[in-house]
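The values are calculated or read from the model by the stated rules, or taken from the named source; none is laboratory data. As the structure is a prediction and not an experimental result, all values here were calculated from the model. Positions of Cβ are backbone-derived with ideal geometry, glycine not excepted, and every protein chain shown enters the neighbour counts.
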Amino acid sequence: MPSGWVVSCHLERPLDDEAWRRFDAIRRRFETIALVRPPDPAYGEDEERWLERARSIELLGLHTHWTSPTHARPTSGDPADRVRRETEWLRERGLEPRWFCGGGWYSDDAVSATVAELGLVDCTPRAGVPSPGVLPTTHSVGELARALLRPLPSYVHAYFHDYDLLGTSRRIALVASLRVLGMRKTALDASSATRKSQGTR
C-alpha cells in the first residue's frame, strides 16, 4: 500500500487574478496537482486567458462543473459525456490532464468508467488508499489541521480550493499544515503515482 502524502488544488476560479497569484505561490512551495475547471463560454469566460494559465501547469487535472461555474453537481444532461467532451477539448489544445475530480464530489458508474477509459486517475473518492486508476482525496484544510494533532494514517491526500487562499486565516492554516505534514511524512511523487495507476490510454 502506498505510504506518503500528496496535495491537490481545485482551481474553480482560474481567471481570478488574486486567486491565481496565491495558487501560483503555493505550487512553487509544494508539489500540487491542479484540478482545473475548464472555461465556460456561456458565462463569458475568456478561453485564451484560461489556456495561457493552464499551459503553465505541470501537474494538470480536470475538475468538471456540470451545471455552471458556481454549481458543480449535474442537474441535467449526461455527466459522463461532459467529462469526455472536456477532456477531448483539453487534448485538442495540446493539454494532457492526468487526474480527474468530479465537482461537488459527484460521480456515478458511467462517469467512473469514462474516467478510466480516458486514462485519468480519479481523485473523486473521499476515502480509501491509492489503487490502479484511483488516488482518493482524504483531507480538507480543516481536516488536515485536526489530523496533525494525532497519529496520521499511512496515506494522506489533502486538498484545497483556490478561493481558500483568498482568506488570510485559511491560507496560513494550509501552509502551516502542509509544512508540518512534510516534516512528518514523505511526499508521494504525483507523476510517478500516475504512471503506476494509469488507465487504458
Of the candidates Thr124, Thr186, the one satisfying the condition of being surrounded by 13 or more Cβ atoms within 10 Å (Cβ to Cβ) and over 19 Å from Pro14 (Cα atoms) is Thr124
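Quick grid of which residues meet (1) under 12 Å from the mean Cα position of the chain (by Cα); (2) over 26 Å from Ala173 (Cα atoms); (3) assigned to a helix (DSSP H, G or I); (4) free of Cβ contacts under 8 Å to residues at least 24 places away in the same chain:
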site: Glu45; (1), (2), (3), (4): no, yes, no, no
site: Trp50; (1), (2), (3), (4): no, yes, yes, no
site: Leu62; (1), (2), (3), (4): yes, no, no, no
site: Gly77; (1), (2), (3), (4): no, yes, no, yes
site: Leu95; (1), (2), (3), (4): no, yes, no, no
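Rundown of residues vs (1) crowded, with 20+ Cβ neighbours inside 10 Å; (2) in contact with a Leu (Cβ under 7 Å, 6 or more places away or on another chain), yes/no style:
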residue	(1), (2)
Thr64	yes, no
Asp81	no, no
Glu88	no, no
Glu92	no, no
Pro97	yes, yes
Phe100	yes, yes
Gly104	no, no
Going through segment 112-135 one residue at a time, which ones are hydroxyl-bearing (Ser, Thr, Tyr) and assigned to a loop (DSSP other than H, G, I, E, B)? Thr124
Checked Arg22, Arg82 against criteria (free of Cβ contacts under 8 Å to residues at least 24 places away in the same chain and outside any loop (DSSP other than H, G, I, E, B)); the one match is Arg82
Touching a Pro at 6+ places or on another chain (Cβ under 8 Å), of a type in the set (Val, Ile, Thr), modelled with pLDDT of 95 or more and surrounded by 13 or more Cβ atoms within 10 Å (Cβ to Cβ): is that true of Val6 in this structure? no
Scan segment 130-147 for residues that are of a type outside the set (S, T, N, Q) and either on the phi > 0 side of the Ramachandran plot or buried (at least 16 other Cβ atoms within 10 Å of the Cβ) (or both) and jot them down. Pro130, Gly133, Val134, Leu135, Pro136, His139, Val141, Leu144, Ala145, Ala147
Could you tell me whether segment 108-115 includes any residue that is within 24 Å of Pro153 (Cβ to Cβ) and small (Gly, Ala, Ser)? yes
Here is a check on your reading of the model: is Ala54 among the aliphatic types (A, V, I, L, M), under 25 Å from Met183 (Cα atoms) and surrounded by 13 or more Cβ atoms within 10 Å (Cβ to Cβ)? no
What number goes with the only condition from (1) at pLDDT 95 or above; (2) farther than 23 Å from Arg37 by Cα; (3) of a type in the set (A, V, I, L, M, F, W, C) that Val129 does not pass? (1)
All-but-one check, Leu152 against (1) over 17 Å from Asp78 (Cβ atoms); (2) within 14 Å of the chain's Cα centre (by Cα), failing number (2)
